[in-house]
Amino acid sequence: GQGINIMDAKTGMFTFLRHNPADGQSIADNNIRTLLYCPDINCMWMGSFGGGLDKIDFETDKIIHYQTNPNKNSISSNYINDIVQDSEGMVWIATGNGLNCLDPASGKFTVHFSNPENNNSISNNITICLLEDKNGDMWVGTDNGLNKFIKSENRFVRYFSDPGNDNSLSNNTIFVIFEDKNGVIWIGTSGGGLNRLNPQTDSFKSFTVKDGLPNNIIYGIIGDDNGHLWITTNLGLSKFYTFAERFVNYDVKDGIQSNEFNLGACYKDKKGLYYFGGMNGYNVFDPSNIVHNPNKPVVVITNFRKFNDIQQHEYFNKDTIELSYDDNYFSFEISALDYTNPVKNRYKYKLDNIDKNWVVTDAGNRLAEYKKVRPGSYTFTANGTNNDGVWNMEGISLRVIIHPPWWGTWYFRVFVVLLVISGFWYLNYRRAGKRKKKHEAQQKILEIEKQLFELEQKTLRLQMNPHFIFNSLNSIQSYIINHKAELAVGYLSKFSKLMRLILANSGSKFIVLKEELRALNYYLELEKLRFDNKFEYHIHIDKNIEEDFMSIPPMIIQPYVENAIIHGLINKPRKGKIDIRFTLNNESICCKVTDNGIGREKAMQLSRNSGIIKKSQGMMITKSRLETLNKQYNEEFSVEIIDLKDEKGNATGTEVKLIIHFIED
């Protein structure tokens, strides 16, 4: 805010240009933001913050003022941030309200404003910095995005920060743009660090504090003859090795005027000297005289403390420190043995299993402290740098063993674990013994119930067989009494075959269906002979039934066939008929025994009239058998008796429907 200072390089003396309100040939404002010398017309352009643009013509020693005037062609704002002259001699001015292009010959301005409806316009009216690249394109940094002005097409290409894209700009506020000798464009931002543009992909790579930059606000960039960058920030000066992508940082400890520099206050003169201005003046130096320190410092532990008491022992790399469980407050004092500028040495350390990440610190805090560390084995590692940030990554490593109390030792824990396991084993053993005894008792009960069930089934079969034998012997006796010897012999032959089948099957809980049908055929043949062909019968087998592989309980069907003959067909005046049909019903066999006899009601009436009323023993026994079988096979056996009648309600016979569970052999 004190105008322009002009130094005589030979004498070191300063003269000054200041604003004088009474002198129209003085500079327009003392708050100078930018200067540009144009040797081709021997003039100096000056931009101030509020006074507009001034031109000092050294040929005439006249000062020409350019200020905003809404009534005629003029500069768009009096707040000037940057000035450059392009390869065509045009002067470009970055202002607080638009980008201006001045034709020095005509004195006319062309102004570029942002238009939200036109993506080819500049991205923001607050323009901050300018650069013409080697291709003749003008780069413009604004308060909201980076722009490239393609003169031949009179349009702007915009670049913005995208938080979801790591390859975009790191920040939208652009403070400085620089092109190095290889044509690489570098962008310094306000808060986003340094960015490098890849022109082939239009993508960016950013370098921030995480990469070693001292601060993410960048004020100026100058490139040296080796292709490295010198960068001013809000927290010191930094040299960036572009090939190794490594920063070496300098601060007030190295002699710079202040840790904070000013925006755009950087310059390289014809002799190769660099000028950087900041809050407390400026620095000038030859970068070739700034010698890099390549030495990796030896890292040592200068002190080890327990409860802040220094231990009188020297520790070297790979040594072991043993502590008791109550010595769990300790610290390490680290030192990097480089004395070039030791206050700039930096450190990082880590105690495995305690520190999740490296703890990074500086020379002012070299003490690594740890409290309430649990017993165990740990490794402490420390690394250090020299004043130029060269790390000794091998550093020093110490093993720290904290012994547990006796109740925390592994053998005590093993003893406790074994004791608990033994207790659980004993309890489980007792429980398993009780469960085993209970299970054995239940098994015995189930075995007894099974034996009782089988005895009950066998008893029912034995009750069944004598009933049938009694009826058959009566028939044979009748033939002999009536002197029908041939019939008696034939009947006896068939009876003996049937008896052999019954005796063979009586010991089995299930027999194949084929054998049951064979016995049923013998029985029906015997009854036909007994009742002098009083009826005829038919047996139908579903083609899906496999007679040789499906087994059912023996003598289940016969009692119902017998009942149909005795009570349904014998009292019928005409010849009777029995139809026996087997079909497959899911996991069971459905057997229907149908007769065209006199029906159950008339049969009961005849019994009452004769004075002889008795129930069929065979059917009663079979009913009991079905009940006991259902207990074992979950109600898979059933019987249903249906009275058949014609349209007038007269009896036409009886149908017995049996559902029989089968097993497959």
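Here the dipole of the chain is about 5220 debye; that uses its Cα centre as origin and unit charges on the Cβ of Lys and Arg (positive) and Asp and Glu (negative). Ignoring aspartates and glutamates fewer than eight residues from LYS62 along the same chain, the ones with Cα atoms less than 19 angstrom from its Cα are ASP23, ASP29, ASP40, ASP54, ASP103. Cross-link pairs exceeding 20 Å between alpha carbons, from the set LYS514/LYS631; LYS528/LYS572; LYS514/LYS543: LYS514/LYS631.
Rounded to the nearest whole Hz, the Karplus-based 3J(HN,Hα) values (6.51 cos²θ - 1.76 cosθ + 1.60, θ = phi - 60°) of region 639-656 follow the sequence 9, 9, 10, 10, 7, 8, 9, 8, 5, 8, x, 7, 5, 10, x, 9, 10, 10, with x at glycine and proline. Checking (1) 67, 42, 27; (2) 69, 28, 22; (3) 119, 43, 18 against the coordinates, the calculated semi-axes √(5λ) of the Cα gyration tensor in Å falls under label (3). Return a single number: how many Lys pairs in region 72-286, at a sequence separation of 8 or more or on separate chains, have alpha-carbon atoms below 18 angstrom apart. Value for region 72-286: 14.
Bridging of LYS494 to aspartates and glutamates at a Cα separation below 18 Å is possible for GLU486, GLU515, GLU516, GLU525, GLU527, ASP532, GLU536, GLU562, once same-chain residues fewer than 8 apart are set aside. Sparsely packed loop sites in region 15-81 (the trypsin sites (Lys or Arg not before Pro) outside DSSP H, G, I, E and B with at most 15 other Cβ atoms within 10 Å) comprise ARG18, LYS72. Classify region 230-278 from the C-alpha gyration tensor, please: rounded if a/c falls under 1.5, else prolate or oblate depending on whether a/b exceeds b/c. Oblate, since a/c reaches 1.5 and b/c is not below a/b. Based on Cα contacts under 8 Å between residues 6+ apart, the chain shows a relative contact order of 5 percent.
Just how far, in whole angstrom, is region 266-330 from region 332-399 if you go by their alpha carbon centroids? Between the Cα centre of region 332-399 and that of region 266-330, the gap is 10 Å.
Look at where the Cα atoms of region 184-214 and of region 232-249 average out, and the two centres are 12 Å apart. I'd like the chymotrypsin sites (Phe, Trp or Tyr not before Pro) in region 197-259 restricted to DSSP loop residues with at most 11 other Cβ atoms within 10 Å, sorted by number. Sites meeting the loop and neighbour criteria: PHE243. From helices alone, the chain scores -8000 deg cm²/dmol at 222 nm; the rule is -39500 (n - 2.57) for each run of n ≥ 4 DSSP H residues, then divide by the residue total.
Values in this text are rule-based calculations from the coordinates and carry no lab data. Please read all numbers here as calculations on a predicted model, not as lab measurements. Positions of Cβ are backbone-derived with ideal geometry, glycine not excepted, and every protein chain shown enters the neighbour counts.
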